Amino acid sequence: MTRSQPLSQACDAADARRRQAWRILLASLVVIGLGLVPLIATRALYLDDMSRALDGYFGWILNARPAAEGIMRLLGFGDVLVNVAPLPQLAAWGLAASMALAWWRWLPGLSLTGCVVGNALIWLTPFTLQNFSYAFDSLPMSVALASAILASLVLRAGGKSGGEGEPAGGISEGRGPWQAWQPPLSALLLLLLALCCYQPALNAFLVLSLLEALFAGAASTSLWSRWRMLLLRGALAAVALLLYLPITRLLVAGEYSQQHGQMLPFADPQALLAGIEHNLSVALGALREGLGQVTLLLSLALLACAALLRLLPRGAPLRHAEATGAPEGRSRSARQLSLQRMSWALWALLLVPALWGPMLLLAEPVFHSRTLIAWGPLLGGALMLALSVRARESVRSIAEASATPSMTETANTQRKTSVWRRVMQCPLKQCLLIVAGLLLVRHGVIFAAWSNALAAQQVHETQLARTLVAQAREQGLPLDSPRDAERYQPRDALPVLVLGDAPVAPLARVARQQVAAVGQNLVAAFTPDNYWAVVRLRLAGASAVTLLRDEALKARLQANSSCTPGDAVSQPSDQPSSQPSAPSSVRSQVQSQVPSPALSLQEGVWVIDFRKPRQCD
């Protein structure tokens, strides 16, 4: 009986952990699915998806993303990319939900609620709307973010078997050489995978590394050990970048990637600092623009509650040691406290540039919302790390309370401190979870608004493109041409020039005005010099169209084109119309729902004029 009892207890514990893992996975699938299912159900082809579905090209390797292309070739058919949506989005959904198990595995004491909510905050943010909207690219981007998160968690495992004071990410001297270097090598490979899938995912690793230093596990962890942990993680990120740079030199071939891949001049320190300052100001503006006031306040409240939950327990023991120790001890404790506070302040400030990481060193960085992929790890990582540290401190305080009663004065002092902690931490923990829940609900509402607006804009622009193509065929424009399978260009090209902006879909207009993230991410195709207008026309059957790139001809046509009130765009009215309800053809129904621009063929260029009379001066 004595032999079977430990075995039975071990089996029961394993069964309990297995049941808890399934509960976490299912709960995470449901919570993340509340945001992703409406988006996936739209079946919208978003930006690059349209041209990839038309031509069947991959193209990721030209942007120095070989792992992304490798992943998608596994879902393709030979050298042609086939539209298999929504399979990549469904796979991204499953990967995002399964990452909750990784956090639960490497953060001891994390509850089901904290794990599910924290993981959902990583993946459901206003800055992952674009990432999950891509029918093809959603899976490589999700693999990149998951790899960066796993790289940070694997380094926690490197210090897990060490002593109590060993920080996460440290290398314990008591282990063998392979066991000691296995976590850093695994993290390096994961970082390379993240860079080769989607470069901004590296910033998530930088943010989580700083959070690890701020939310270090044990109270006895020395300040130097935390700095050593940060240096190790920074060195791993630098090595990953150095190994990745030759890949960019060999693979980057697109004009867009080459233009936005140039670095700031390191030889001129003044210009370098000015460029970094400018990039940071533009990035912060994009951050405020994408969040909106309410979401920004809730995010800051979550970070403040997490910081207070972590910092308040540390103050009482330090003050007690400073008050009761010898003069030399009080002086040493004061210096240590000052250095610790300065380090905390520095790490907190470094979180801001870490959100964009090496992108701040580029001459022309692209601060689209999808590149701010580290915002979710900042919110979810701070929540889960704070809750995990709080759980471990509770276990430690219980163990201290059960110690021998010989040290009466120390026990009384610790008991008073424990009461103070319970009074302060319990409301803070509840507030932290409440704020996290409100923020997650807010993010879910943003995803719902974005899904509806994207679907409405998709239908609106499809109808508009079909109307334009039908009218152009009536005028005898040469819209059809075979296309070169290698360069994806028409043999008999018909250049297109769009003047003015087509109105946004009526059902998307309110969401674009009221929801900051929708306004930031909803791209109207029919605007001047917009490549997506050409793609929309191609989807409607105009295979010969291409974007006019001759600047001189473009300026001449824009100056010669004039519009009259009859040619101007008829803005959709919000008032009920008095049109008769007689039955009409499908074409007249489409034309009544979309604007009617002026169409003309000038000097071999298809001119589509959406301008209003006041814009024709």
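The values are calculated or read from the model by the stated rules, or taken from the named source; none is laboratory data. Nothing here was measured: the structure is a model prediction, and the numbers come from that model. Cβ: placed from backbone, ideal geometry, glycine included. Neighbour counts: every protein chain shown. Surface areas here come from the heavy atoms of the whole protein model, side chains and all, with no ligands, DNA or RNA. Shrake-Rupley method; radii C 1.70, N 1.55, O 1.52, S 1.80 Å.
Below, the figures for the structure above:
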quantity	calculated
Only one of Arg442, Arg512, Arg473 that is free of Cβ contacts under 8 Å to residues at least 12 places away in the same chain and either under 20 Å from Asn131 (Cβ atoms) or open to solvent by 30 Å² or more (accessible area, probe 1.4 Å) (or both)	Arg473
Close pairs (6 angstrom Cβ cut-off, 6 or more residues apart or separate chains): on the phi < 0 side of the Ramachandran plot in segment 32-46, of a type in the set (A, V, I, L, M, F, W, C) and open to solvent by 50 Å² or more (accessible area, probe 1.4 Å) anywhere	Leu36/Trp93
Filter result for Gln199 (at pLDDT 90 or above, closer than 29 Å to Thr42 by Cα, open to solvent by 30 Å² or more (accessible area, probe 1.4 Å) and not hydroxyl-bearing (Ser, Thr, Tyr))	yes
Any pair with Cβ under 8 angstrom, 6 or more apart, that starts in segment 191-213 at a residue that is under 15 Å from Leu349 (Cα atoms) and ends at one that is among the aromatic types (Phe, Trp, Tyr) and open to solvent by 10 Å² or more (accessible area, probe 1.4 Å)	Ala213/Trp227
Matching entry among Ala465, Ala448 (being among the small types (Gly, Ala, Ser), out of contact with any His (no Cβ under 7 Å at 6 or more places or on another chain) and open to solvent by less than 30 Å² (accessible area, probe 1.4 Å))	Ala465
Top-ranked residue of segment 59-83 - restricted to ones that are more than 21 Å from the chain's Cα centre (by Cα) and charged (D, E, K, R), ranked as most open to solvent (accessible area, probe 1.4 Å)	Asp79
Options Pro88, Pro140; residue that is over 17 Å from Ala374 (Cα atoms) and either assigned to a helix (DSSP H, G or I) or in contact with a Pro (Cβ under 9 Å, 6 or more places away or on another chain) (or both)	Pro88
Selection from segment 528-537 of residues that are open to solvent by less than 30 Å² (accessible area, probe 1.4 Å) and either among the β-branched types (Val, Ile, Thr) or in a helix (DSSP H, G or I) (or both)	Ala533, Val534, Val535, Arg536, Leu537
Residue selected from segment 48-85 under the condition among the polar types (S, T, N, Q) and in a helix (DSSP H, G or I), by the criterion nearest to Ala144 (Cα to Cα)	Asn63
Segment 100-131, subset of a type in the set (Phe, Trp, Tyr) and open to solvent by 10 Å² or more (accessible area, probe 1.4 Å), residue nearest to Gly35 (Cα to Cα)	Trp104
Trp93 open to solvent by 10 Å² or more (accessible area, probe 1.4 Å), under 17 Å from the mean Cα position of the chain (by Cα) and either closer than 26 Å to Ser152 by Cα or of a type outside the set (Ser, Thr, Tyr) (or both)	yes
Residue among Glu328, Glu289 that is at pLDDT 80 or above and of a type in the set (Asp, Glu)	Glu289
Residue pairs meeting the criteria (Cβ under 6 Å; at least 6 apart or on separate chains; first closer than 15 Å to Asp49 by Cα, in segment 68-89; second open to solvent by less than 60 Å² (accessible area, probe 1.4 Å) and of a type in the set (D, E, K, R))	Leu81/Arg52
Conditions (1) modelled with pLDDT under 90; (2) outside any loop (DSSP other than H, G, I, E, B); (3) open to solvent by 20 Å² or more (accessible area, probe 1.4 Å); number of the one not met by Val366	(2)
Identity of the residue in segment 37-58, under 26 Å from Pro482 (Cβ atoms) and within 21 Å of the chain's Cα centre (by Cα), that ends up least open to solvent (accessible area, probe 1.4 Å)	Asp49
From the options Leu499, Leu464, Leu507, residue that is in contact (Cβ under 8 Å) with a residue 24 or more places away in the chain and touching a Cys at 6+ places or on another chain (Cβ under 9 Å)	Leu499
Residue match in segment 333-340 (condition: open to solvent by less than 60 Å² (accessible area, probe 1.4 Å), modelled with pLDDT under 75 and not charged (D, E, K, R))	yes
Answer residue from segment 55-102, given it is under 28 Å from Ala544 (Cβ atoms) and among the acidic types (Asp, Glu) and is modelled with the lowest pLDDT among those	Asp79
The listed residue being modelled with pLDDT of 90 or more and charged (D, E, K, R), out of Glu212, Glu166	Glu212
